[in-house]
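Novice: Please read through the structure below; I'll follow up with questions.
The values are calculated or read from the model by the stated rules, or taken from the named source; none is laboratory data. The shown structure was predicted, so the numbers you read here are calculated from the model rather than taken from an experiment. Glycine also receives a Cβ, built like all others from the backbone with ideal geometry; neighbour counts cover every protein chain displayed. Side chains are part of the model used for accessible areas, which takes the heavy atoms of the whole protein and leaves out ligands, DNA and RNA. Shrake-Rupley method; radii C 1.70, N 1.55, O 1.52, S 1.80 Å.
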Amino acid sequence: MSRRLPVLLAADSEDAQSARPVRLIARDAVPEGRIGAWAAANGFKGQEARLLLCPDDAGEVAEALFGIGKALDPMTLRALADRLPGGVWRLDGVSEDQAELAALAFCLGRYAFDRYTRAAAEPAARLVVPEGGDINRILDLARSCDLVREMVDTPAADMGPLQIETVAREIAEESGATLSVITGDALLEANYPAVHAVGRAAVPARAPRMIEIHWNADRTDLPLLAVVGKGVVFDTGGLNLKAGAGMRNMKKDMGGSAHALGLARQVMRAGLGVRLVVLIPAVENAVSGDAFRPGDVLSSRKGLTIEIGNTDAEGRLILADALARAGELEPDLTLDFATLTGAARVALGPDLPPLYTDDETLAADLLAASGRVQDPVWRMPLWAPYGDALDSDIADLRNDSAAWAQAGSVTAALFLMNFAPETGAWAHMDIFAWNPRGRAGWPQGGEVQAMRACFDMLKTRYPG
Ligand code: BES
Ligand code: MN
Ligand code: ZN
């Protein structure tokens with residue numbers, strides 16, 4: 001999709017030999033001499049994320065100083081990537097154990113969604129991979145992250161259920177996985193009643209579908225990993241229509257499916273020691289004469305009946321069927337990603353996705369990985385006493401938490417827990433998938449959250 005030059009160069013490549021240095025400078029650790037005088041004249045003291053270009057005698061930019069504050073947080077290099085002028089650069093002052101994350105941050109900071117602009121690509125900065133980093137491994141992960149963000153950024157008109165299927169097929173084929181899809185009314189025969197109910201208002205133009213990918217299926221000796229993602233290609237709220245401001249960014253409501261596909265791509269390309277199943281319910285939560293209604297009672301794949309209190313709580317409905325399907329396969333581990341609630345943002349803001357799991361080992365492993373790769377998540381409680389928020393008078397449960405205006409992310413997670421596999425461990429991530437405020441290296445738009453943490457956890461648990 002992108003017209004850009006490859007962002008990374010191997011240290012032994014020809015172009016790398018002429019790389020100009022970016023020196024990483026801690027606060028108040030500016031070197032003495034000529035550069036020091038130039039820094040002082042420019043008020044540069046090593047402030048975090050501040051860039052200073054330094055000229056040579058001819059007035060050409062010969063090197064750059066980049067402030068890192070107290071100590072290097074590799075993710076601040078996202079801002080460097082956004083600000084550095086074109087040309088080839090290398091980093092001075094990155095330790096070997098930070099090399100990979102530093103180079104990845106540089107890639108993430110260079111992301112721009114350019115599918116619909118004709119603006120000529122600017123001459124972009126390119127980076128020599130610091131010693132200790134494996135260029136192919138970094139580029140693979142960067143590509144998966146870009147893919148997630150491109151999917152999220154693509155308007156709903158061009159990222160409908162069919163397009164999600166197309167991306168899923170490409171990712172499956174690339175790694176020799178098999179893909180099957182159940183579409184439209186066939187969802188009823190195949191027993192995906194909730195997926196059908198939520199998506200049927202968009203039939204026939206944008207029919208709902210259930211996408212299933214299997215990889216390493218014959219390796220029954222390996223543990224089974226199930227990855228599930230909410231694929232609501234646009235969330236109008238349904239008959240409980242969202243107001244304008246709340247609907248504005250709902251093209252991103254398929255962010256969970258993008259994350260699931262991005263993670264699956266990484267798992268397959270890294271050849272991790274698992275069998276993998278990916279389950280993506282892809283629907284448009286639309287408004288039509290055939291839309292599901294408040295007060296309707298849906299059946300679900302698991303057999304539980306669900307009273308619809310609010311058609312805008314649609315994500316948990318399609319995930320209910322997908323998680324039930326996962327359970328039938330008896331996975332050892334199930335991970336789901338979903339832009340499930342606005343309440344998650346009220347609790348933790350846009351950059352810190354809630355993580356839910358009742359498996360202490362999984363929580364510890366995920367949080368450790370999250371810290372290692374600087375991909376934050378925050379554990380929130382599956383607080384069982386709030387479960388009665390989902391009680392219905394006429395069905396097994398209801399999809400909105402009734403009179404509750406509080407703990408919306410927790411009660412949504414509790415709803416999912418009713419459908420999560422009984423075998424193995426399960427974790428749910430209520431992601432935002434979006435940078436609401438643009439800043440250097442974190443442009444406004446799609447963002448990949450919790451996926452790198454999950455991948456790193458999986459790499460540790462299931463090395464290939
Ligand atoms: N997709 C939304 C959640 C959402 C909104 C995520 C804004 C990120 C930003 C979800 O389908 C939804 O509408 N949830 C409702 C649930 C409520 C009706 C119980 C919500 O959070 O308001
Ligand atoms: Mn909704
Ligand atoms: Zn939604």
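Novice: Only residues in the stretch 385-407 that are closer than 12 Å to Glu307 by Cβ count as the first member; pair them with residues that are among the polar types (S, T, N, Q) and part of a loop (DSSP other than H, G, I, E, B), Cβ under 7 angstrom, at least 6 apart or cross-chain, and list the lot.
Specialist: Leu390/Ser401; Ala395/Thr305; Asp396/Thr305; Leu397/Asn418; Arg398/Ser392; Asn399/Asn310; Asp400/Asn310
Novice: So Phe292 ticks every box in (1) away from ligand 2 (no atom under 16 Å from the Cβ); (2) farther than 26 Å from Glu170 by Cα; (3) in contact with a helix residue (DSSP H, G or I) (Cβ under 6 Å, 6 or more places away or on another chain) but one. Which box is left unticked?
Specialist: (1)
Novice: From the residues in the stretch 241-292 that are part of a strand (DSSP E or B) and away from ligand 3 (no atom under 13 Å from the Cβ), which one is most open to solvent (accessible area, probe 1.4 Å)?
Specialist: In the first step, residues of the stretch 241-292 are kept if they are part of a strand (DSSP E or B); the result is 275-285.
Okay, now just the ones that are also away from ligand 3 (no atom under 13 Å from the Cβ), so 275-280.
On the way: Arg275: 49, Leu276: 2, Val277: 1, Val278: 1, Leu279: 0, Ile280: 2 Å².
The extreme case among them is Arg275.
Novice: Of all the residues that make up the stretch 241-262, how many are under 14 Å from the mean Cα position of the chain (by Cα) and of a type in the set (A, V, I, L, M)? Walk me through how you get there before you give the answer.
Specialist: Residues of the stretch 241-262 that are under 14 Å from the mean Cα position of the chain (by Cα), as a first pass: 252-262.
Right, trim to of a type in the set (A, V, I, L, M) and you get 254, 258, 260-261.
The total comes to 4.
Novice: State all residues of the stretch 312-354 that are part of a strand (DSSP E or B), away from ligand 2 (no atom under 12 Å from the Cβ) and under 25 Å from Val233 (Cβ atoms); if no residue qualifies, say none.
Specialist: Start the filter on the stretch 312-354 by keeping residues that are part of a strand (DSSP E or B), which leaves 333-338, 354.
From what is left, the residues that are away from ligand 2 (no atom under 12 Å from the Cβ) are 333-337, 354.
Residues satisfying the conditions are Thr334, Leu335, Asp336, Phe337, Pro354.
Novice: Restricting attention to the stretch 359-375, which residues are of a type outside the set (A, V, I, L, M) and without any contact (Cβ under 8 Å) to a residue 60 or more places away in the chain? Quick ask: steps written out before the conclusion?
Specialist: We begin by selecting, within the stretch 359-375, every residue of a type outside the set (A, V, I, L, M); these are 359-361, 365, 370-372, 374-375.
Selection gives Glu360, Gly371.
Novice: OK, next. Test each condition in (1) closer than 29 Å to Ala156 by Cα; (2) touching a helix residue (DSSP H, G or I) at 6+ places or on another chain (Cβ under 8 Å) for Asn435 and report the one that comes out false.
Specialist: (2)
Novice: When the residues of the stretch 325-338 are narrowed to those that are touching a residue at least 60 places away in the same chain (Cβ under 8 Å) and open to solvent by 10 Å² or more (accessible area, probe 1.4 Å), which ends up farthest from Ser392 (Cα to Cα)?
Specialist: Going through the stretch 325-338, the residues touching a residue at least 60 places away in the same chain (Cβ under 8 Å) turn out to be 325-327, 329-338.
Restricting the remaining residues to those that are open to solvent by 10 Å² or more (accessible area, probe 1.4 Å) gives 325, 327, 329-330, 332.
Numbers: Arg325: 24, Gly327: 24, Leu329: 29, Glu330: 29, Asp332: 31 Å.
The residue in question is Asp332.
Novice: Does the stretch 214-240 hold any residues that are away from ligand 1 (no atom under 16 Å from the Cβ), surrounded by fewer than 24 Cβ atoms within 10 Å (Cβ to Cβ) and under 24 Å from the mean Cα position of the chain (by Cα), and which are they? Before the answer, list the steps.
Specialist: Step one: filter the stretch 214-240 for residues away from ligand 1 (no atom under 16 Å from the Cβ), giving 214-227.
Checking which are surrounded by fewer than 24 Cβ atoms within 10 Å (Cβ to Cβ) leaves us with 214-224.
Within the stretch 214-240, His214, Trp215, Asn216, Pro223, Leu224 qualify.
Novice: Considering (1) more than 19 Å from Ala142 (Cα to Cα); (2) touching a residue at least 24 places away in the same chain (Cβ under 8 Å), say which one Leu108 fails and leave the rest.
Specialist: (1)
Novice: Within the stretch 344-389, track down each residue that is of a type in the set (A, V, I, L, M, F, W, C) and under 23 Å from Ala405 (Cα atoms). Quick ask: steps written out before the conclusion?
Specialist: Applying the first criterion (of a type in the set (A, V, I, L, M, F, W, C)) to the stretch 344-389 yields 344, 346-348, 352, 355, 362-364, 366-369, 373, 377-378, 380, 382-384, 389.
Ala344, Val346, Ala347, Leu348, Leu352, Leu355, Trp378, Met380, Leu382, Trp383, Ala384, Ala389 - these are the residues of the stretch 344-389 that are of a type in the set (A, V, I, L, M, F, W, C) and under 23 Å from Ala405 (Cα atoms).
Novice: Looking only at the stretch 300-322, filter to residues that are within 22 Å of Asp388 (Cβ to Cβ) and away from ligand 3 (no atom under 16 Å from the Cβ); which one of those is least open to solvent (accessible area, probe 1.4 Å)?
Specialist: So the residue we want is Ser300.
Residue-wise test of (1) in contact with a Leu (Cβ under 6 Å, 6 or more places away or on another chain); (2) touching a residue at least 12 places away in the same chain (Cβ under 8 Å); (3) more than 15 Å from Trp89 (Cβ to Cβ); (4) polar (S, T, N, Q).
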{"residue": "Ile35", "(1), (2), (3), (4)": "no, yes, yes, no"}
{"residue": "Ala40", "(1), (2), (3), (4)": "no, no, yes, no"}
{"residue": "Gly43", "(1), (2), (3), (4)": "no, no, yes, no"}
{"residue": "Leu52", "(1), (2), (3), (4)": "yes, yes, no, no"}
{"residue": "Gly59", "(1), (2), (3), (4)": "no, no, yes, no"}
{"residue": "Ala64", "(1), (2), (3), (4)": "yes, yes, no, no"}
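Novice: For the stretch 105-217, which fully contained strands (runs of 3 or more DSSP E) count at least 1 residues that are in contact with a His (Cβ under 7 Å, 6 or more places away or on another chain)?
Specialist: Fully inside the stretch 105-217 and qualifying: 178-183.
Novice: Within the stretch 386-401, how many residues turn out to be out of contact with any strand residue (DSSP E or B) (no Cβ under 9 Å at 6 or more places or on another chain) and either surrounded by fewer than 16 Cβ atoms within 10 Å (Cβ to Cβ) or hydrophobic (A, V, I, L, M, F, W, C) (or both)?
Specialist: Within the stretch 386-401, residues that are out of contact with any strand residue (DSSP E or B) (no Cβ under 9 Å at 6 or more places or on another chain) and either surrounded by fewer than 16 Cβ atoms within 10 Å (Cβ to Cβ) or hydrophobic (A, V, I, L, M, F, W, C) (or both) number 1.
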